[in-house]
Amino acid sequence: MKYSYRPLKIVLLSLVLITPVFADATVTEFRLENGLKLLVKEDHRAPIVVTQVWYKVGGSYEHDGITGLSHVLEHMMFKGTEKFPDGAFSRIIAENGGSDNAFTGPDYTAYFQTLEKSRLAISFELEADRMRFLSLPETAFAKEIEVVKEERRWRTDDRPQSYLYEVAMATAFQTSPYRFPVIGWMQDLDNMTVADLSVWYKKWYAPNNATLVVAGDVKPEAVLTLAKKYFGPLPAGPAMTPKSLKEVAQKGTKRVTVKRPAELPYLMMAYKTPVVKPADGEAQNPLAWEPYALEVLAGILDGGSSARIASRLIRGAEVAAGASAGYRMISRLDNLFILSGTPAKGKTVAALETALRNELLDLQHNPVSAEELQRVKAQVISSDVYEKDSVFYQAMILGILETVGLSWHLADRYVDNVKAITAEQVMMVAKKYLVDDRLTVAVLDPQPMTSQTQRQQRGDPHDR
């Protein structure tokens, strides 16, 4: 889609200066004087509205000793303000027929609600209140930190593959903050205090460090009026520029073996790869196409039943019981291209690693066929169309792009950028990035399981 840029114009409203920056047929962007960015995505197919508040803070903003702060603070954001006490937020949303939740990632923390369109003001009032006036009671924290510890045990410590992933990330990255688990190390959770949370909240939770995304059956000017009313009076916080901790160059393969009670062995092969950068374009960055080529490469390996992993390694050579390829092209810092899998019965982890390496060698030395390339591109297009059928997803992709430091305009350039990738470019990124000097290999060595560990891995709460 091409964008028609409107001249910048300034509209003075009674409480706050609002600047409409860009607009296309369905997305309008505003900036409030206190720094809050507002994105409105119109979708009039159903009388609903999705509200999402994205804060530029997550696990990668933390450092040794304070890991998990962002995620614990997400939990505490539901514990009330002076105006809306503990439990009131979700209760009010539910009473108005809506749903709400939140999530924390390495690069962001997001809070969202889905409501009937006439209830948008309720969402705004609640979110604006807890953006600057969170109570953080000591008694609530004492209970909630135990909830988070239990979540860590259930999601990571008792799940061998999740635990292996955590170890792999901490091994692959030496200086990048992506080595920290979002949920935090248990020792840091044990030592966390309300005072730590208060400092973190005051530092990062402010309108000038947030993006408000509204999608659904709404009109931009009406949303702007409500945003002005509820978010406009909030004071801005200090300007925050997180330190850029780039990963040091890796020279040589890293290997780590994790012994855990488990039924089956598991393999992870993680290669350091670039991601989409701000202002990426041929004029500014001649390598801007590389993340899109890696995205296509992931689809060639793991893009359905006819992709190479499924057809060659699972059904063909029968060396893998299950395997996958994954690549995160949108993140604040450079990330990983990950191959993972479980060897088939009678096969070893070493055999599976060799088979995966052979697939990469093939991609490095032989261009993919035109038919294979077209299949992957068709899947990308159909997936993009399907995902945009969801109002929530439409809002989410805008929020992610803005919060990691990119632009929401990339959402509509994604398909064209993927379609432009050639077989030669796929071969080039395979040769450049999927090499031993960028590789970390993590292996799960399964240990005998007791009946208790079996139940714990199934998530039985009686075994706590």
Practice item. Could you please tell me which pairs satisfy a Cβ distance under 9 Å, a separation of 6+ or placement on different chains, a first residue in the stretch 242-267 that is under 23 Å from residue 346 (Cα atoms), and a second residue that is among the hydrophobic types (A, V, I, L, M, F, W, C) and part of a loop (DSSP other than H, G, I, E, B)? Key: 261/449; 262/449; 263/449
Review point. Which condition breaks for residue 311 when tested against (1) surrounded by fewer than 20 Cβ atoms within 10 Å (Cβ to Cβ); (2) of a type in the set (Gly, Ala, Ser); (3) touching a strand residue (DSSP E or B) at 6+ places or on another chain (Cβ under 7 Å); (4) over 19 Å from residue 173 (Cα atoms)?
Key: (3)
Check your understanding: Across the stretch 403-435, what is the total count of residues that are in contact with a Lys or Arg (Cβ under 8 Å, 6 or more places away or on another chain), surrounded by fewer than 17 Cβ atoms within 10 Å (Cβ to Cβ) and assigned to a helix (DSSP H, G or I)?
Key -> 1
Check your understanding: Do we have residue 254 as more than 26 Å from the chain's Cα centre (by Cα), at pLDDT 95 or above and under 19 Å from residue 171 (Cα atoms) here?
Key -> no
Point to revise | Residue among 374, 284 that alone is in a helix (DSSP H, G or I) and assigned by TED's automatic domain parsing to the domain that holds residue 444 | key: 374
Point to revise | Qualifying residue in the stretch 351-366 (condition: free of Cβ contacts under 8 Å to residues at least 60 places away in the same chain and in contact with an Asp or Glu (Cβ under 8 Å, 6 or more places away or on another chain)) | key: no
Point to revise | The one condition in (1) farther than 23 Å from residue 125 by Cβ; (2) modelled with pLDDT under 50 that residue 13 fails to fulfil | key: (1)
Practice item. Out of 118, 123, report the one residue that is surrounded by fewer than 22 Cβ atoms within 10 Å (Cβ to Cβ), modelled with pLDDT of 95 or more and under 30 Å from residue 50 (Cβ atoms). Key: 118
Review point. So which strands (runs of 3 or more DSSP E) are wholly in the stretch 22-97 and hold at least 2 residues that are in contact with a His (Cβ under 6 Å, 6 or more places away or on another chain)?
Key: none
**Study point:** Residues of the stretch 233-251 that turn out to be under 28 Å from residue 442 (Cα atoms) and under 20 Å from the mean Cα position of the chain (by Cα), as a count
**Key:** 4
**Study point:** Options 277, 272; residue that is within 26 Å of the chain's Cα centre (by Cα) and in a strand (DSSP E or B)
**Key:** 272
**Study point:** Options 293, 298: the member that is within 22 Å of residue 161 (Cβ to Cβ) and small (Gly, Ala, Ser)
**Key:** 298
**Study point:** residue 214 closer than 27 Å to residue 50 by Cα, in the same structural domain as residue 398 (by TED's automatic domain parsing) and within 26 Å of the chain's Cα centre (by Cα)
**Key:** no
Review point. Of these, 338, 400, which one is assigned to a strand (DSSP E or B) and out of contact with any helix residue (DSSP H, G or I) (no Cβ under 7 Å at 6 or more places or on another chain)?
Key: 338
Study note, to complete from the structure: Going through (1) closer than 19 Å to residue 303 by Cβ; (2) in contact (Cβ under 8 Å) with a residue 60 or more places away in the chain; (3) in a helix (DSSP H, G or I) one by one, residue 382 fails only at (2)
Review point. Which condition number in (1) in a loop (DSSP other than H, G, I, E, B); (2) assigned by TED's automatic domain parsing to the domain that holds residue 420; (3) under 20 Å from the mean Cα position of the chain (by Cα); (4) of a type in the set (Gly, Ala, Ser) is the one that residue 304 fails?
Key: (3)
Review point. Pick from the stretch 264-305 the residues that are at pLDDT below 95 and of a type outside the set (Gly, Ala, Ser): which of them is surrounded by the most Cβ atoms within 10 Å (Cβ to Cβ)?
Key: 280
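The values are calculated or read from the model by the stated rules, or taken from the named source; none is laboratory data. All of these numbers come straight from a predicted model, not from anything done at the bench. Methodologically, a virtual Cβ is constructed for each residue, glycine included, from the backbone with ideal geometry; neighbour enumeration extends over all protein chains shown.
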